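The values are calculated or read from the model by the stated rules, or taken from the named source; none is laboratory data. Everything quoted here is computed from the prediction, not taken from an experiment. Here Cβ is always computed from backbone atoms with ideal geometry, including for glycine, and neighbour counts include all displayed protein chains.
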Amino acid sequence: MTTLLALVLSLQLAVSAALPQLFDQALSASRDGDFARALPLWDQVIEIAPGDAAAWSNRGNVRLALGDAEAAIADQTRSMELDPQSPDPHLNRGTAEEALQRWDAAEADYRWILEANAAAGEPQDASALYNLGNVQGSRGDWAAARASFVQAADARPGFAMARSSGALAAFQLGELDQAEAELRRLIRRYPLFADARAGLTALLWRRVARGEAESHWASASGLDPRYRQPEWLLQIRRWPPEPVQALSDFLALSS
């Protein structure tokens, strides 16, 4: 019996010793985008350490990347139960809820982060603000979305996508001067930023400035050909409908 107990303890120690390496392997596969390899690795980590909140959250992210949003939500919820103070599973669960168009649930998760930061006297979370803006835009409230994007950009200097989204929301609201000024500022600072160049293309086309629109489009399309796809713009990138329509009109007449 003593020998058996010693063997069991030895195996437990060996498994525990292997856990950090296994965790690192799973994390590396996740970061490399090799989700098919990452998932069974996270399964193993959770089997060894079922109380590891980070492992549950990371597996949830992998499951979302593999298209299983429901399983991702379940994993993020378990992570919250294990570490109720962590904002990461709320942010990750909100992303999964957005994939299922559960706007109320996603907004609640993002607002949980913002309220927790405010209560702790900490700076606002730029990612939560940005994602909240996307939810508000998906509901058609582009004024609220614009405010959230602007706050996200203020919270994280250099958050170019938030600034571009704010400009596009201004475009949607008919504030073309403000939108154009912001997009031009972005292009001056980030000349290879396709989103701003594509957005300015759409805006200039709406303003009947065809020559300059074509110039910016030549850069944008070379940097990222996905901007040719209206469905991608609306559903993945989450542009407002007016800029998408303007860019589609430009592409239809240019071709």
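Could you say whether any residue in region 84-99 is over 14 Å from the mean Cα position of the chain (by Cα) and not in a loop (DSSP other than H, G, I, E, B)?
Looking for residues that are over 14 Å from the mean Cα position of the chain (by Cα) and not in a loop (DSSP other than H, G, I, E, B), one finds none in region 84-99, hence no.
If you go through region 205-221 one residue at a time, do you hit one that is under 15 Å from LEU176 (Cα atoms) and in contact with a His (Cβ under 8 Å, 6 or more places away or on another chain)?
Checked region 205-221: no residue is under 15 Å from LEU176 (Cα atoms) and in contact with a His (Cβ under 8 Å, 6 or more places away or on another chain).
What's the number of the condition ALA36 fails, among (1) surrounded by 16 or more Cβ atoms within 10 Å (Cβ to Cβ); (2) over 13 Å from ARG93 (Cβ atoms); (3) in contact (Cβ under 8 Å) with a residue 12 or more places away in the chain?
(1)
Identify the single condition in (1) free of Cβ contacts under 8 Å to residues at least 24 places away in the same chain; (2) crowded, with 17+ Cβ neighbours inside 10 Å that ALA69 does not satisfy, given that it satisfies every other one.
Result: ALA69 fails condition (1) only.
Identify, from the list ALA152, ALA143, the residue that is outside the structural domain of GLU231 (by TED's automatic domain parsing) and either buried (at least 21 other Cβ atoms within 10 Å of the Cβ) or in contact with a helix residue (DSSP H, G or I) (Cβ under 6 Å, 6 or more places away or on another chain) (or both). Give the derivation first.
Values: ALA143 fails: either buried (at least 21 other Cβ atoms within 10 Å of the Cβ) or in contact with a helix residue (DSSP H, G or I) (Cβ under 6 Å, 6 or more places away or on another chain) (or both).
From the options ALA152, ALA143, the qualifying one is ALA152.
Here are some conditions: (1) more than 23 Å from LEU173 (Cβ to Cβ); (2) touching a Leu at 6+ places or on another chain (Cβ under 9 Å); (3) surrounded by fewer than 18 Cβ atoms within 10 Å (Cβ to Cβ). GLU122 meets all but one. Which one does it not meet?
(2)
Exactly one condition in (1) under 16 Å from LEU132 (Cβ atoms); (2) assigned by TED's automatic domain parsing to the domain that holds ASP43; (3) without any contact (Cβ under 8 Å) to a residue 12 or more places away in the chain is false for GLU115; which is it?
(2)
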